[in-house]
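Rule-based calculations on the coordinates, nothing more; no lab input. It should be emphasised that the depicted structure is a prediction, and the values quoted were computed from it without experimental measurement. Here the Cβ positions follow ideal geometry from the backbone for every residue, glycine too, while neighbour counts run over all protein chains shown.
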Amino acid sequence: MSELRVERLLMAPPERVWTAFTTADALAAWMWPGSWNTTSEVDLRVGGRYRIASEVTGMAIGGEFVALEEPRRIVQTWQWDGEDHETLVTITLEPTDGGTALTIVHERFDTDEDRSNHLQGWDDCLDRLPGYLLS
């Protein structure tokens with residue numbers, strides 16, 4: 001299997017969730033645990049790049065925005081520092097009564113193990129998102 005799908009119902013409007021995924025300060029605040037001293041850079045335009053990094057862990061990811069349809073859809077490449085393989089992430093935000101249905105499709109994995117690791121990572125990250133959205 002070369003793709004994963006994660007869905008969440010969030011009690012915030014799509015515009016607020018969009019900002020959480022597309023603003024450097026927001027990404028740094030919720031994407032990884034606070035103890036990781038995460039930094040983020042975002043050039044929000046098609047062809048623009050983003051980067052999320054933690055000196056504490058020595059981890060960083062980055063990529064390029066492929067499509068942006070504010071506040072409904074983000075398509076971006078995804079590549080870990082030090083790795084050659086690039087994957088693709090599509091984030092879809094659909095308004096619901098009182099919130100947003102979030103769907104993340106992450107594809108182009110080389111192995112089932114890589115897919116499983118990313119699924120766990122997305123679950124961990126998205127567990128922090130509701131708390132950020134309420135702050």
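Taking 7 Å steps out from each Cα toward its Cβ at ASP110 and LEU44 produces label points 3.3 nm apart. Residues of the stretch 27-62 with an amide N closer than 16 Å to a point placed 7 Å from the Cα of LEU134 along the Cα-to-Cβ direction: 30. Rounded to whole Å, the principal axis extents of the Cα atoms in the chain read 41, 33, 28, largest first.
How large is the dipole of the chain about the Cα centre if only Lys and Arg carry +1 and Asp and Glu carry -1, each at its Cβ, rounded to the nearest 20 debye? Display every interim value, and only then the final one.
On the way: 11 positive and 24 negative charges, 95 e Å.
About 460 debye.
Using the C-alpha gyration tensor of the stretch 5-71, what are the square roots of 5 times its eigenvalues, in whole angstrom, with the largest one first?
Details: eigenvalues 84, 54, 21 Å².
So the three semi-axes of the stretch 5-71 are 21, 16, 10 Å.
Between ASP127 and ASP84, residue separation times 0.36 nm minus the direct Cα-Cα distance comes to 12.7 nm. Among HIS118, HIS85, the order by Cβ neighbours within 10 angstrom, fewest to most, reads HIS85, HIS118.
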